[in-house]
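In what follows, a single structure is set out as structure tokens and then discussed.
Every number in this text was worked out from the coordinates using simple rules, so none of it is lab data. This structure is a prediction, so every number in the text was calculated from the model and none was measured. Don't worry about glycine lacking a Cβ; one is built from the backbone with ideal geometry, like all the others, and counts go over all protein chains shown.
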Amino acid sequence: MKTELRGNTAAASISIQNPTTAAAAAPTISGALTGCLGSLDGACIEKLLLHCASALEGKEWTLAQQVMWVLNNVASLSGDPNQRLTSWFLRALISRAANVCPTATMHHFDGSSAIDRRRQMTVTELAGYVDLIPWHTFGFCASNSAIFKAIRGCSKVHVLDFSVTHCVQWPTLIDALAKRPEGPPSLRITVPSVRPPVPPFLNVSCEEVGQRLSNFARFRDVEFEFNIIGGGGGGSTTTSFDNNNIALCRNSMYDTFHRYFESLLTSLVDPHQLSSLFRDDEVIVVNCQNWLRSMPDDDEEQSAGSSLRDDFLHTIMGLNPAIVVVVDEDADLNVSSLTTRITNCFNYLWIPFDALETFLPKDSAQRIEYESDVGHKIENVISHEGCQRMERLESGAKLCQRMKNVGFSGVMFCEETVKEVKSLLDEHASGWGMKRDEEMLVLTWKGHNSVFATAWVPGGLGEN
């Protein structure tokens, strides 16, 4: 997929002069530059990224360094969208090179000194972060509308919230429930005590988030309860991943999340745990926002017949929810092949860089922070393997097939939901759009799929 971004990127001149290794490797690298005609556009950058990945996989360290040197002449965190995107891919390749060849000398590339800070936000900053572009709010809007419709007439509602945005989705739903003609239901929201160690990060505890929601619900006269569940009967204290944890304990964070979630699944099928968590007279809603991707489910696991992702969905099915909403980014990064991941990632994550370019200056702190979070995602996709690779996105089409295989039926989004989403997008740049694609609503940027939203019910209860 060749995008508008790539076609419009300013040409960058190629320079491969590296006094230490140029003479030895220049004949070899010439194959990677064939067709670039003295400048680097998006297609040539993609070709170089794949050439570098192949060199690393083949342990051709000198060639890999030479390709990185060429990419380094294009990469710039303060350049155009294509240059900034290249900076993060270069950083990811340098990180991978350090993993597979610790003795390789990679420190002299500019990309290796890119911003590494993972800042914790205030609640107000988080609200601004998710509103910057409709990457998150599209899913909030579609999900809340579908949930509102599914619980119409229900007096008691229990939402299991599996998301990474710290409950920022729920004030809008609480406000809508407060305006119901028949009056609001009592609402319980339950969140897990551990979340995937991915941005955005918040500087307040989950307990404080719950207290803020409780205060807002009280203001809107909605009966409200907030619960935190821990895996294996754990307590209500949330696990925080701050900057120090990220810098020093990355492996431990990933392991902690996976162990926790396996334990949580066990508790959700244990009769004693279920009796204390759920009540007979309440309707269950399951909300998954950018969550499933963090569960191990690569090609090797599937061939071994084991999938934490499927186990989670089967467990949710057993709760007989009134509706399950699943929202995520519409890209296929859940593959073992490094070159495939690079291709899919490069042809997808240009979108936020391009979108932010339309309305924020290059020195905008908001843009730098948002792009940094996208960049760290790129790094995780490319430089890590095994349980360290948390970013395991699958496309909306694959997710839909997975849900059907488990036994869910799709629920079509109604025209009222479509109208609400369109109204939201009208508040953003004209490049954003929306389309229907079978069971999905899909957020698009300049016609390219960005985020999908889906709604499901157990068994044969779905709408066709």
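Sum up the charges of everything whose Cβ sits under 12 Å from the Cβ of Val168, counting Lys and Arg as +1 and Asp and Glu as -1, but leave Val168 out.
-2
With a sphere of radius 9 Å drawn around the Cβ of Ser383, what net charge do the other residues whose Cβ falls strictly inside it have (Lys, Arg +1; Asp, Glu -1)?
Local charge sum for Ser383: +1.
What ³J(HN,Hα) values, in whole Hz, does the Karplus curve 6.51 cos²θ - 1.76 cosθ + 1.60 give for region 197-214 when θ = phi - 60°, with x put for Gly and Pro?
Each residue of region 197-214 in turn: x, 10, x, x, 9, 10, 8, 10, 6, 5, 4, 5, 4, x, 5, 5, 5, 4 Hz.
Rounded to whole Å, give me the distance from the Cα center of region 134-157 to that of region 58-90.
With region 134-157 and region 58-90 each reduced to a Cα centre, they are spaced 42 Å.
Over region 382-464, what is the mean sequence separation of C-alpha contacts under 8 Å (at least six apart), divided by residue count, expressed as relative contact order in percent?
33 percent
Counting only C-alpha contacts under 8 Å and six or more residues apart, can you give the relative contact order of region 321-460 as a whole percent?
Across region 321-460, relative contact order equals 35 percent.
Under 17 Å from a label point 7 Å along Cα→Cβ of Ser214: give me every residue in region 154-169 with its amide N that close.
159, 167
At 0.36 nm per residue, and after removing the present C-alpha to C-alpha distance, how many nm does the segment from Glu415 to Val335 gain when stretched out fully?
This chain segment gains 25.3 nm when fully extended.
Between Glu427 and Cys154, how high is the FRET efficiency from 1/(1 + (r/R0)^6) when r is the Cβ-Cβ distance and R₀ = 45 Å? Nearest 0.05.
The value I calculate is 0.90.
Given a cut-off of under 8 Å on Cα pairs at least six residues apart, what relative contact order in percent is computed for region 282-400?
Normalised by residue count, the contact order of region 282-400 is 36 percent.
Under a plain spin-label model, where a point goes 7 Å from the Cα along Cα-to-Cβ, how far apart in nm are Glu225 and Asn320?
If labels sit at Glu225 and Asn320, their model points lie 2.0 nm apart.
Can you give the FRET efficiency for Ser78 and Cys387, using 1/(1 + (r/R0)^6), R0 = 35 Å, r = Cβ-Cβ distance, to the nearest 0.05?
It comes to 0.50.
Modelled label-to-label distance, Ala43 and Ser205, 7 Å Cα→beta-carbon offset: nm?
Going from the Ala43 label point to the Ser205 one covers 5.7 nm.
Which entries of Lys179/Lys422; Lys156/Lys422; Lys47/Lys377 show an alpha-carbon separation above 27 angstrom in the structure shown?
From the list (Lys179/Lys422; Lys156/Lys422; Lys47/Lys377), the Cα-Cα distance tops 27 Å for Lys156/Lys422.
Points 7 angstrom from Cα along the Cβ direction at Ser263 and Phe278: gap in nanometres?
About 2.2 nm, to one decimal.
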